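First up is the structure itself, then whatever we jot down about it.
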Amino acid sequence: MKFKDMPYKRVEKDAMEKEFSGLMEDFKNASSGEEQFEVHKKYYEVTDGIGTNMTIANIRHDVDTTDSFYDGEKNYYDEIGPVIDNLRISYNRQLYDSPHREYLEGKIGPVAFKNMEISFKAFDEKLIPLMQEENNLVTSYNKLIAGAKIDWEGETLNLSLMTPYLSHVDRQVRIRAWEKYTAFFEENADKLDEIFDKLVKNRTAQARELGYENYIELGYYRMNRNCYGRKEVENFRRQVKEVWVPFVTRLNERRRQRLGLDKLAYYDEKVYFLNGNPKPTGTPQEILQAGQKMYSELSKETKEFFDFMMENELFDVLGRKTKRAGGYMTYLPDYNSPFIFANFNGTSGDVDVITHECGHAFQGFISGKDPIREHSDITMETAEIHSMSMEFFTEGWMDLFFGDRKQDYIDMHLEDSAAFIPYGCMVDEFQHIVYENPDMTPDERNAAWRHLEEEYKPHLDYVDNKRFGAGGYWQRQLHIYNYPFYYIDYCLAQTCALQYKVWMDEDYKEAWKSYLRLCGLSASDFYTNMLREVGLKLPFEDGCMKDMADKLQQKLQG
């Protein structure tokens, strides 16, 4: 079904509570594991319906944040979202404590039961008011960012639509663009600080209500870290500082020489070539059509997936002034339909949507056919492997998007992918500092961020940009506000994607076979087990980052 034709029906709180009450009563009265599993299949139907309607409302809100009806629905779900969480957890407690647990675990899998155990540690009904407040604060941040109005050469643009000018081939143009961009954050600094301060205090209060010292432990539970923890993450970041930052520093020095600059300033961060970064040559529709050709040739599985996406109009990618910033893939379970939301802006990022977000969507399309819904509950460090690796697997078709600048794009993408890892680790370490010290002042937070920039990005020069030079750059990173402790997942996944890059250059067929296997495994096993099963190294194991740096250095020199 086309997205525009999908009917929307509000998830009414009273009716939903009645459905869950009936499910739990039926589950309690079932006399065998077989009977309880039949009830569980009804639970799938109920939660699929809830998830589908909430997702439709969320997408329609995001495509036009000024739509009063869906703005009201978004506010409504901010309020009842924690109530839904409570109902799911109440049901899952029955499932977890079932006398027929062995049978049910055989059907659903041990990962699902571990995830239930973690969810119990991350939620209590008494948190609902705080969680509702948290949702409202996150929404207020997103509205503030989406509502940016920047006067650019007689036109009013939002932050997303400023992106092409921030990496413009003309250095003076991008300097002016960054001045305008920074001015928005300078003008709204107090409001951004206020929202974040309330979020930190709110999340800390939730953690302490559950008996935790601070939000970090709760944050890990909410990210569903089911097979590794803070110790492993810290070891990964240590390796990044010791061996990956020097590798990226060498890449930046090579880029500085390529650009003929005395030094790289912050406004040069996203510029890779003297003649400008490669840009897609087609219109948005032509980019989608090129994507369809690419996926039809990549494999029979990707052809089926992309044809389905196009036939059912499951993309909203045009940048608009009233559209939420950013991009994502989401999923509509009633229709086994992924959906891709983005803001095309005429840069190579438009093609990244067709590779990165489609990597997510492809895996979702595959896993959606699995009747065991828990197998779709992928942890983010796994989910991001699907997306980031697809960016590399599709390199052979980049001429469809960039013409004779195909190789420039491939080179830029590899350098950008490598350079992202230190930045992502910096975001993660910053959040650990912030939530360990919830009473920090805004100036102290900014100072902490600036110190981390000096460790992870020693080449960075803010010149005369006072706002970002004083440590204010983090406020543009929506994950810090919206999704605490998510960002390290990108880094872990990027490390795996770079492993696939090395592997596919040696044996594309075997690397693709491994990738398909990983997509099919979904969440049926733990992250650490799945990586070993498909032939990848764990990013936080000693030596992983050095091995990757050495191999990529050889590749670049070759």
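Quick notes
- Where only alpha carbons of region 8-69 are counted, the Rg and the Dmax (Å): 15.6, 51
- Nearest 10 degrees, 0 to 90: helix 230-239 Cα axis against the chain principal axis: 20 degrees
- Here's the picture: charge each Lys and Arg Cβ at +1 and each Asp and Glu Cβ at -1 in the chain, and of 475, 452, 329 the one pushed furthest to the positive end of that dipole is 452.
- Heavy-atom accessible surface of the chain: percent carbon and sulfur, 1.4 Å: 48 percent
- Amide H to amide H distances under 5 Å link residue 332 with 337, 339, where only residues 5 or more positions off or on other chains count and H is placed in the peptide plane.
- Rg/Rg_globular for the chain, with Rg_globular taken as 2.2 N^0.38 Å and Rg from C-alpha atoms: 0.96
- Three principal axis extents of region 451-530 based on alpha-carbon atoms, in descending order, are 50, 30, 17 Å.
- Residue-span extension gain [residue 410 to residue 556] - 0.36 nm each, minus C-alpha spacing: 51.4 nm
- Rounded accessible area per residue of the chain, 1.4 Å, Å²: 41 Å²
- Spin-label pair residue 289/residue 21, simplified geometry with 7 Å Cα→Cβ offset, distance in nm: 5.7 nm
- Magnitude of the charge dipole, the chain, Cβ model with Lys/Arg +1 and Asp/Glu -1, debye to 20: 780 debye
- Of 369/509; 107/369; 201/323; 293/555; 263/457, those spanning more than 18 Å from alpha-carbon to alpha-carbon: 369/509; 201/323; 293/555
- Stokes-Einstein D (µm²/s) once Rh is taken as the Kirkwood radius of region 419-558 over alpha-carbon pairs, at 10 °C in 1.306 mPa s: 92 µm²/s
- Centre separation in Å (Cα based) which lies between region 18-74 and region 274-290: 40 Å
- Cubic angstrom per residue, convex hull over Cα atoms of region 155-240: 177 Å³
- Against the chain, whose longest principal axis is taken from its Cα atoms, helix 189-209 shows a tilt of about 40°.
- The chain - mean residue ellipticity at 222 nm from DSSP helices (-39,500 (n - 2.57) per run, n ≥ 4, rounded to 500): -21000 deg cm²/dmol
- Considering all different alpha carbon pairs of region 1-159, the Kirkwood hydrodynamic radius works out to 18.1 Å.
- Its residue count N sets the reference 2.2 N^0.38 Å, and the alpha-carbon radius of gyration of region 361-502 equals 1.26 times that reference.
- Extending 7 Å from the Cα toward the beta-carbon at both residue 454 and residue 94 defines two label points whose distance is 5.8 nm.
- Label-to-label distance, nm, for residues given as residue 508 and residue 172 (7 Å Cα→Cβ offset): 4.4 nm
- When its C-alpha radius of gyration is set against 2.2 N^0.38 Å (N residues), region 33-100 gives a value of 1.43.
- Folded to 0 to 90 degrees: helix 68-96 orientation relative to the chain principal axis, Cα: 60 degrees
- Dimensions of region 299-441 based on its C-alpha atoms, expressed as ranges along the principal axes with the largest first, amount to 52, 45, 32 Å.
- Residues of region 69-86 with amide N under 14 Å of the 7 Å Cα→Cβ point at residue 191: none
The values are calculated or read from the model by the stated rules, or taken from the named source; none is laboratory data. All values derive from a computational prediction rather than experimental measurement. Every residue, glycine among them, receives a Cβ derived from its backbone with ideal geometry; neighbour counts consider all protein chains shown. The protein model used for the area step is the full one, side chains on, heavy atoms only, and it has no ligands, DNA or RNA in it. Shrake-Rupley method; radii C 1.70, N 1.55, O 1.52, S 1.80 Å.
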